[in-house]
Amino acid sequence: MLEMALDHATVVEHDKRQLHPLHHPKQHANPLVVDRAEGVWLHTTDGRTVLDGMAGLWNVNIGYGNQELPAVAAEQMRKVAFTSNFVGMTTPPAAELAHRMAGMAHPTLNTTFFTSGGSESNDSAFKTARYYWHRLGKKDKFKIISRQAAYHGITVAATAATGIPRYHTMFGPLSPGFSHIPAPNPYRYTGDIRPGETVGQAAARALEEEILRQGPETVAAFIAEPIQGVGGVIVPPDDYFPLVRAICDKYDVLLIADEVICGFGRTGLWFGQQQWNLRPDIMTFAKGITSGYLPLGGIQISDAIREVIDSAPPEETWMHGYTYSGHAAACAVGLKNLEIIERENLLANSQLMGERLKRGLARLLEFNIVGEVRGRGLLCGVEIVKDKATREADLGKALEIYNACLARGLRTRNVGNTLAFAPPLMINADEVDQIVEILGSVIDGLA
């Protein structure tokens with residue numbers, strides 16, 4: 001067994017050779033060096049214990065330190081860790097996980113293609129949408145409509161779909177064919193609202209107007225997270241997605257549900273789209289499928305899209321795939337992870353503890369800098385403002401609160417001016433209360 005018995009200072013020094021995601025040296029001057037973890041708790045090389053209110057990156061759904069997943073991975077690796085999963089080959093774990101997921105999110109989603117993560121999944125969805133329309137003789141339908149404050153990953157195409165300008169600034173020009181419409185944010189909707197319209201109706205109308213502006217004959221798909229995560233934990237109004245589905249049907253636009261964050265119990269149901277009985281044409285997933293224990297993601301496609309792929313002549317083959325698509329060990333871990341989520345009743349716990357967390361966070365609305373508390377299941381956000389009346393965002397204060405919480409032993413994430421909370425789904429009531437207590441104490445000292 002490999003033992004990394006390095007002291008804290010040595011690890012920090014050696015880590016200077018690593019370029020981290022979203023890297024800037026000022027933000028990595030004193031990194032959290034995690035040596036081990038169990039449940040919701042991180043233990044660092046300098047002796048600190050931190051309650052991880054973000055489950056890593058929204059994804060360690062079953063919690064840290066589970067021993068079943070490493071055992072399953074090791075067993076599968078002894079048989080075959082990896083071999084090609086390209087057409088003409090498969091492995092039992094990949095076949096079984098695809099079978100297990102058939103119909104799980106929606107009765108019309110019965111086919112799965114595997115990737116290694118969310119960005120790859122969304123790229124795969126965009127290519128598949130374009131392929132579908134090519135096969136139907138509508139080659140001009142290539143454009144993808146997304147939303148402001150959306151996050152869909154940071155590959156070239158996924159960056160273009162992401163609606164957060166900071167991710168674009170130093171990587172332009174963006175890939176053509178992507179456009180963004182206002183997010184269905186009830187707290188601060190940026191589009192126009194007509195008299196008598198709800199935010200959900202106005203945001204759906206923005207989609208229809210963008211389709212017409214671009215030309216329905218050019219639009220391949222609309223992509224949306226059920227609840228926008230990195231954009232600020234934005235929960236749409238209940239009337240939004242039914243209207244979106246109807247608009248996509250009206251103009252022959254495929255609907256892509258990005259479940260990378262929301263999937264596998266995060267919102268209290270298996271998938272976030274199920275909060276609104278949404279029927280996507282393509283669903284992307286990653287993160288919670290393995291609880292982060294091994295990298296895995298994928299897309300599910302509708303039966304109609306599968307039929308178009310299967311009926312293609314050889315010269316129109318769906319020529320897409322990755323080296324690690326259907327990685328045998330990762331798929332074995334995914335299967336066991338789903339079993340654990342089900343066996344441990346983590347969907348119910350996500351609902352129950354999510355309600356407790358949201359109730360506790362709502363008590364912080366007494367502070368003038370807390371503008372709104374929102375969420376579903378164990379996906380919650382606390383929006384920090386300069387003043388309740390003006391709702392002016394306070395990014396600096398949110399960062400200050402984040403740093404103060406970390407110093408007190410609580411890890412959250414400041415996404416813009418919102419503090420996000422997405423702890424492991426196995427969190428208990430005492431741990432939920434600790435999140436609320438630490439955050440409340442920090443805000444009380446800074447408000």
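Quick grid of which residues meet (1) in the same structural domain as Phe271 (by TED's automatic domain parsing); (2) in a strand (DSSP E or B); (3) touching a strand residue (DSSP E or B) at 6+ places or on another chain (Cβ under 6 Å):
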residue: Arg356; (1), (2), (3): no, no, no
residue: Arg363; (1), (2), (3): no, no, no
residue: Gly371; (1), (2), (3): no, yes, yes
residue: Cys380; (1), (2), (3): no, yes, yes
residue: Ala404; (1), (2), (3): no, no, no
residue: Asn414; (1), (2), (3): no, yes, no
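Within region 27-72, track down each residue that is touching a residue at least 60 places away in the same chain (Cβ under 8 Å) and more than 27 Å from Gly377 (Cβ to Cβ). Of everything in region 27-72, just one residue is touching a residue at least 60 places away in the same chain (Cβ under 8 Å) and more than 27 Å from Gly377 (Cβ to Cβ), namely Arg48. Within region 276-303, if we keep just the residues that are on the phi < 0 side of the Ramachandran plot and part of a helix (DSSP H, G or I), the residue that is farthest from the chain's Cα centre (by Cα) turns out to be Asp303.
Taking every residue in region 406-432 that is farther than 15 Å from Val40 by Cα and pairing it with any residue that is part of a loop (DSSP other than H, G, I, E, B) and among the polar types (S, T, N, Q), at least 6 positions away or on another chain, the pairs with Cβ-Cβ distances below 6 Å are Leu419/Thr412.
Remark: pairs (first residue in region 290-305, within 12 Å of Ser116 (Cβ to Cβ); second residue charged (D, E, K, R) and crowded, with 22+ Cβ neighbours inside 10 Å; Cβ separation under 7 Å; 6+ apart in sequence or on different chains) = Gly297/Glu120. Criterion applied to Ala157, Ala202, Ala206 was being in contact with an Asp or Glu (Cβ under 6 Å, 6 or more places away or on another chain), surrounded by 14 or more Cβ atoms within 10 Å (Cβ to Cβ), in a helix (DSSP H, G or I) and free of Cβ contacts under 8 Å to residues at least 40 places away in the same chain, and the one residue passing it is Ala157. If Gly326 satisfies all but one of (1) assigned to a strand (DSSP E or B); (2) over 19 Å from Phe271 (Cβ atoms); (3) of a type in the set (Gly, Ala, Ser), what's the number of the condition it fails? Just one mismatch for Gly326, condition (1). Scanning region 342-357 for residues that are crowded, with 22+ Cβ neighbours inside 10 Å and not polar (S, T, N, Q) yields Leu346, Met353, Gly354, Leu357. Annotation: of all residues in region 35-50 being among the β-branched types (Val, Ile, Thr) and over 11 Å from His8 (Cβ atoms), the one that is nearest to the chain's Cα centre (by Cα) is Val40.
The values are calculated or read from the model by the stated rules, or taken from the named source; none is laboratory data. In this text the structure is predicted, and so the values were computed from the model without any measurement. Every residue, glycine among them, receives a Cβ derived from its backbone with ideal geometry; neighbour counts consider all protein chains shown.
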